[in-house]
Ligand code: SF4
Ligand code: SF4
Ligand code: SF4
Ligand code: SF4
């Protein structure tokens, strides 16, 4: 560390100069923070301020910069000195100190102490930071693998080709087009949203086939996928058994859906009479009719009346039904009723629904159906029985008139749903040794919810990842994505799920979705080529590495990495696939021997900050509370609280962390050992409706902290001194309150006895 | 059953909706209802209706011809227009209610004793005769529509109001004996007769 030269810059703008003794801060940076020099400036983010720092970097050889000014979330462009051998640390004196404190005489002393600590912390952090270098293994491969040749896959391929990328579509069947190719017409996607429109699938197939950048492999599957963004390698095996290996920069999984098996609905007459059909089967009947009247399958009589039963086997808790809404079927039924009405307005068409879902402009399509005379009846079908002499009788409860009624129809159409085709359950529970039956049953139940009716028999991607061959699922078998913040991101970097494999959707939505996934894939492979993170720490050059001689091969990092970024080598040491990595640090938090670190974020960069804080003695009545706050949600929430004039305890010292998952318990135990009175961890919502940017990070942290009780007991400290909370970015009132509550708690239970 | 009525039943056996569309004022809107229930919830008289508007529209679509046309419900509408203002689908509900009531009356299906119906008929006779309402006669007829003793009782109840109106010159007892009507009384009667003729012809067209 001989060549470290710290330059500390203390801003006097934004009221900092009035509220704080900046000269004292400069002195602290030099004496305690070991900065080569510290400079005050009236307006640090101004051109002059920035130029001053630049000059010091260039002429004075400053390579570690401490900016003691506003929050690290502000003025990022002005203070972007990192890279090229320079590391930057920010002491948050504005949002973190003066705005979080009242401007009063009695608050002055504690406010100044707060600022002094943050300067000490920033100097300590920057000393242990190494300017990150792009990963030398970075590779650029501008070819994208699209798995699935339906509407989603073809859209993705065409979009990628338009943007100048090579594409290979691998389709398991013998033709492109997927289910959409089987439709007579589609629900309209443009104004006036009045009539069914051509599917456009034929034209799409032609464009795909004509595009020199797109290669189509039919009757083929992916039998092996390995590597990482920028250097995926996939085995494409055709039906004849021939396999070839290709390299790709990114993967788009558009493996689509499997139609619900209507034979599970005998109560709705399916299988009992050929006059009860699914929506897909009706498309076929209409195609056969070739513009003429549709014939009843049982006896070929012209259909004069049709009843559509919505939500058939859907939105229901019954065993074997889909608990969710497939979203496309309401408008599909309206479209199909129009097939009849447009052909002959005298045909009676009734749509039996409980809630009609016609998102967006499709409300106009609904109106158009009404105008054409389609009858919409709010009711629930209980039973469909074959009628004497053909057709069927639908028994239903009219929910508006509150009575049980029946109607006869020549044809009954069941609106059945979509089941995602997302491959196998990679978290399939196996009964572990010593696991109780009850726990095993619980795991099985979770798997049932996770997989829904997805058969899970055949893998789509055959990933050679330690975490299993397919994308993780969250619920009902759909490929998991970060629903709330990043809908395209699966937990496998560089692999994007799109279309109905991700969530139920119609053609319009699938096409939009595919465009998004394509842009994501491009982003991922381009960033991978530059050795940078694509998401969510866009452009981050740092990546984790481990010290081999310290590693005990415990495999915690491999298991706990939410993104399957770590494999194992033959000697069972972890192998980090940096371009799969999201830079969350969960592995770093997991490692019991603390050998995992990033160049600019490590056990030391945080540990040294914790150590740098001045701990007043037991009788000072100045406790110290450490907050480890997630930089994505909790830290901004605290910044915003201060911006809104919400004040909090002056005894708190807040350290932003990349993810709560990166918190190594050593930080907590060290803090308590060195005299902190309380520790608060603030992370995002975990569990099924997680908001954690890194999906499992917050969950892991909560789990680990659940076990910290033992350490506290050993230290003979009250367990309440460590609190772990889920904090949302909107919690701008709650987050400061949690801090103040800790201060009150300490007042009650007393100061820590560990102050030296 | 009137002839017209019988014809309708015959012709529109399965589709009462089509009958309504052809014969009821603004009837073509009924199919556009999306069953949200906002009208029923907005109607100040909603709780007193046997079938609030939303339900009436559903019944029409379910082909409940008799039940709808014989219902007292649409006679409950006071033309407050709350529902029209609020209906997200823009249905002219008030007009449809009156249209339905009128159609039921034409077919002879309207409930005979419904007070609104009786008042409406009274009002019509009154205004159609003179081209201008004779309020004195109208109120007296209204008070006495359920017989003499009920009429006296009602009149006595309303006495203070009546005296007040008399004082404010809002009530003319002489109207009982003299009522001028409007200028073109005869013309008005001719216009109304012609309108009725057209209406019947139209109904006959759909009926026949
Ligand atoms: S889209 Fe309509 S029919 Fe399909 S599940 Fe949803 S509510 Fe039911
Ligand atoms: S930083 Fe996160 S994503 Fe990267 S290897 Fe570690 S746990 Fe996995
Ligand atoms: S106009 Fe008639 S139906 Fe509409 S809210 Fe008023 S009273 Fe009810
Ligand atoms: S408010 Fe309009 S759309 Fe809603 S139920 Fe009434 S008439 Fe139908």
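Hey, residue A:198 hits all of (1) touching a strand residue (DSSP E or B) at 6+ places or on another chain (Cβ under 7 Å); (2) surrounded by fewer than 21 Cβ atoms within 10 Å (Cβ to Cβ); (3) more than 15 Å from residue A:246 (Cα to Cα) but one; which does it fall short on?
(1)
Among the residues of region A:635-664 satisfying the criterion of being in a helix (DSSP H, G or I) and out of contact with any helix residue (DSSP H, G or I) (no Cβ under 6 Å at 6 or more places or on another chain), which is surrounded by the most Cβ atoms within 10 Å (Cβ to Cβ)? Break it down into steps so the answer makes sense when it comes.
We begin by selecting, within region A:635-664, every residue in a helix (DSSP H, G or I); these are A:635-643, A:660-662.
Within this subset, residues satisfying the condition of being out of contact with any helix residue (DSSP H, G or I) (no Cβ under 6 Å at 6 or more places or on another chain) are A:635-636, A:640, A:643.
Details: A:635: 27, A:636: 21, A:640: 18, A:643: 16.
Step by step, filter region A:635-664, then rank; the result is A:635.
Identify, please: which residue in region B:56-88 is within 14 Å of ligand 3 (Cβ to nearest atom) and within 14 Å of another protein chain (Cβ to nearest Cβ) and is, among those, nearest to residue B:42 (Cα to Cα)? Steps first, answer last, please.
Pass one, region B:56-88, residues within 14 Å of ligand 3 (Cβ to nearest atom): B:56-57, B:71-87.
Next, only the ones that are within 14 Å of another protein chain (Cβ to nearest Cβ) stay: B:56-57, B:71, B:73, B:87.
On the way: B:56: 15, B:57: 16, B:71: 20, B:73: 15, B:87: 9 Å.
Filtering first and then ranking leaves B:87.
Among the candidates A:585, A:645, single out the residue that is touching a residue at least 12 places away in the same chain (Cβ under 8 Å) and away from ligand 2 (no atom under 16 Å from the Cβ). Steps first, please.
Details: A:585 fails: away from ligand 2 (no atom under 16 Å from the Cβ).
The conditions single out A:645.
Return the residues of region A:141-163 that are assigned to a helix (DSSP H, G or I), under 25 Å from residue A:531 (Cα atoms) and within 22 Å of the chain's Cα centre (by Cα); say none if nothing qualifies.
Once the filter is applied, which keeps residues that are assigned to a helix (DSSP H, G or I), under 25 Å from residue A:531 (Cα atoms) and within 22 Å of the chain's Cα centre (by Cα), region A:141-163 yields only A:156.
All but one of (1) away from ligand 1 (no atom under 16 Å from the Cβ); (2) surrounded by fewer than 16 Cβ atoms within 10 Å (Cβ to Cβ); (3) within 36 Å of the chain's Cα centre (by Cα) hold for residue A:255; which doesn't?
Condition (2) is where residue A:255 drops out.
Only residues that are under 38 Å from the mean Cα position of the chain (by Cα), away from every other protein chain (no Cβ under 12 Å) and either assigned to a helix (DSSP H, G or I) or crowded, with 20+ Cβ neighbours inside 10 Å (or both): list them for region A:335-363, please.
Scanning region A:335-363 gives A:335, A:336, A:362.
Return the residues of region A:82-113 that are part of a loop (DSSP other than H, G, I, E, B), in contact with a strand residue (DSSP E or B) (Cβ under 8 Å, 6 or more places away or on another chain) and buried (at least 21 other Cβ atoms within 10 Å of the Cβ); say none if nothing qualifies.
Taking region A:82-113 and keeping what is part of a loop (DSSP other than H, G, I, E, B), we get A:82, A:84-85, A:93, A:99-107.
The next check asks that each one be in contact with a strand residue (DSSP E or B) (Cβ under 8 Å, 6 or more places away or on another chain); those that pass are A:82, A:93.
Within region A:82-113, A:93 is the sole residue that qualifies.
For residue B:9, work out the one condition from (1) modelled with pLDDT of 90 or more; (2) more than 16 Å from ligand 4 (Cβ to nearest atom); (3) out of contact with any helix residue (DSSP H, G or I) (no Cβ under 6 Å at 6 or more places or on another chain) it doesn't fulfil.
For residue B:9, the exception is condition (1).
So, in region A:461-486, how many residues would count as being closer than 15 Å to residue A:420 by Cβ, in contact with a helix residue (DSSP H, G or I) (Cβ under 8 Å, 6 or more places away or on another chain) and assigned to a loop (DSSP other than H, G, I, E, B)?
First, pick out the residues of region A:461-486 that are closer than 15 Å to residue A:420 by Cβ: A:461, A:470-481, A:483.
From the residues that got through so far, the ones that are in contact with a helix residue (DSSP H, G or I) (Cβ under 8 Å, 6 or more places away or on another chain) too are A:473-479.
If we keep only those that are assigned to a loop (DSSP other than H, G, I, E, B) too, we end up with A:474-478.
Of the residues in that region, 5 qualify.
Just to be sure, is residue A:475 surrounded by fewer than 23 Cβ atoms within 10 Å (Cβ to Cβ) and either more than 19 Å from residue A:518 (Cα to Cα) or modelled with pLDDT under 95 (or both)? Outline the logic, then answer.
Working: surrounded by fewer than 23 Cβ atoms within 10 Å (Cβ to Cβ): yes; either more than 19 Å from residue A:518 (Cα to Cα) or modelled with pLDDT under 95 (or both): yes.
Taking the combined requirement at face value, the residue satisfies it.
Do you know which residues across region B:39-55 are under 22 Å from residue B:22 (Cβ atoms) and more than 10 Å from chain A (Cβ to nearest Cβ)?
B:53
For region A:372-401, which positions are free of Cβ contacts under 8 Å to residues at least 12 places away in the same chain and within 12 Å of chain B (Cβ to nearest Cβ)?
Applying the first criterion (free of Cβ contacts under 8 Å to residues at least 12 places away in the same chain) to region A:372-401 yields A:388-389, A:401.
The answer is A:401, and nothing else.
Quick grid of which residues meet (1) within 20 Å of the chain's Cα centre (by Cα); (2) within 16 Å of ligand 4 (Cβ to nearest atom); (3) in a helix (DSSP H, G or I); (4) at pLDDT below 95:
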{"position": "A:685", "(1), (2), (3), (4)": "yes, no, no, yes"}
{"position": "A:688", "(1), (2), (3), (4)": "yes, no, no, yes"}
{"position": "A:711", "(1), (2), (3), (4)": "no, no, yes, yes"}
{"position": "A:751", "(1), (2), (3), (4)": "no, no, no, yes"}
{"position": "A:755", "(1), (2), (3), (4)": "no, no, no, yes"}
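Is it the case that region A:420-427 has a residue that's in contact with a helix residue (DSSP H, G or I) (Cβ under 9 Å, 6 or more places away or on another chain), modelled with pLDDT of 95 or more and within 14 Å of chain B (Cβ to nearest Cβ)?
Within region A:420-427, none of the residues are in contact with a helix residue (DSSP H, G or I) (Cβ under 9 Å, 6 or more places away or on another chain), modelled with pLDDT of 95 or more and within 14 Å of chain B (Cβ to nearest Cβ).
Would you pick out the residues in region B:144-159 that are over 19 Å from the mean Cα position of the chain (by Cα) and touching a residue at least 12 places away in the same chain (Cβ under 8 Å)?
Applying the first criterion (over 19 Å from the mean Cα position of the chain (by Cα)) to region B:144-159 yields B:144, B:146-159.
Once the filter is applied, which keeps residues that are over 19 Å from the mean Cα position of the chain (by Cα) and touching a residue at least 12 places away in the same chain (Cβ under 8 Å), region B:144-159 yields B:155, B:158.
Considering region B:89-103 alone, what residues qualify as being within 13 Å of ligand 3 (Cβ to nearest atom) and either touching a helix residue (DSSP H, G or I) at 6+ places or on another chain (Cβ under 7 Å) or within 14 Å of chain A (Cβ to nearest Cβ) (or both)?
Taking region B:89-103 as the starting set, the residues that turn out to be within 13 Å of ligand 3 (Cβ to nearest atom) are B:91-101.
Hits for region B:89-103 are B:91, B:92, B:93, B:94, B:96, B:97, B:99, B:100, B:101.
Going residue by residue through region A:308-325, is there one that turns out to be within 16 Å of ligand 1 (Cβ to nearest atom) and within 14 Å of chain B (Cβ to nearest Cβ)? It would help to see each step written out before you state the result.
Let us first name the residues in region A:308-325 that are within 16 Å of ligand 1 (Cβ to nearest atom), namely A:308-318, A:320-325.
If we keep only those that are within 14 Å of chain B (Cβ to nearest Cβ) as well, we get A:310.
Yes; the residues of region A:308-325 include at least one that is within 16 Å of ligand 1 (Cβ to nearest atom) and within 14 Å of chain B (Cβ to nearest Cβ).
So how many residues does region B:18-33 have that are buried (at least 21 other Cβ atoms within 10 Å of the Cβ) and either over 19 Å from residue B:107 (Cα atoms) or within 10 Å of chain A (Cβ to nearest Cβ) (or both)?
Step one: list which residues in region B:18-33 are buried (at least 21 other Cβ atoms within 10 Å of the Cβ), which gives B:19-20, B:23-24, B:29-31, B:33.
Pick out the ones that are also either over 19 Å from residue B:107 (Cα atoms) or within 10 Å of chain A (Cβ to nearest Cβ) (or both) and you get B:29-31, B:33.
The qualifying residues number 4.
Of all residues in region A:571-581 being in a loop (DSSP other than H, G, I, E, B) and either within 14 Å of chain B (Cβ to nearest Cβ) or in contact with a strand residue (DSSP E or B) (Cβ under 9 Å, 6 or more places away or on another chain) (or both), which is farthest from ligand 4 (Cβ to nearest atom)?
Going through region A:571-581, the residues in a loop (DSSP other than H, G, I, E, B) turn out to be A:571-573, A:577, A:581.
Okay, now just the ones that are also either within 14 Å of chain B (Cβ to nearest Cβ) or in contact with a strand residue (DSSP E or B) (Cβ under 9 Å, 6 or more places away or on another chain) (or both), so A:573, A:577, A:581.
On the way: A:573: 67, A:577: 56, A:581: 54 Å.
Applying the filter and picking the extreme gives A:573.
Filter region A:246-279 for residues that are closer than 30 Å to residue A:141 by Cα and not in a strand (DSSP E or B) and give the result.
Taking region A:246-279 first, the residues closer than 30 Å to residue A:141 by Cα are A:246-257.
Within region A:246-279, A:249, A:254, A:255, A:256 qualify.
Name every residue in region B:104-129 that is away from ligand 3 (no atom under 16 Å from the Cβ) and under 28 Å from residue B:32 (Cβ atoms), in order of residue number. Break it down into steps so the answer makes sense when it comes.
Taking region B:104-129 and keeping what is away from ligand 3 (no atom under 16 Å from the Cβ), we get B:105-113, B:118, B:121-129.
Correct list: B:105, B:106, B:107, B:109, B:110, B:111.
Scan region B:174-185 residue by residue and report those that are surrounded by 10 or more Cβ atoms within 10 Å (Cβ to Cβ) and assigned to a helix (DSSP H, G or I). Walk me through how you get there before you give the answer.
The first filter runs over region B:174-185 and keeps only residues surrounded by 10 or more Cβ atoms within 10 Å (Cβ to Cβ), leaving B:175-176, B:179-185.
Correct list: B:175, B:176, B:185.
The values are calculated or read from the model by the stated rules, or taken from the named source; none is laboratory data. Note that the structure is predicted; figures quoted are calculated from it, not measured. Methodologically, a virtual Cβ is constructed for each residue, glycine included, from the backbone with ideal geometry; neighbour enumeration extends over all protein chains shown.
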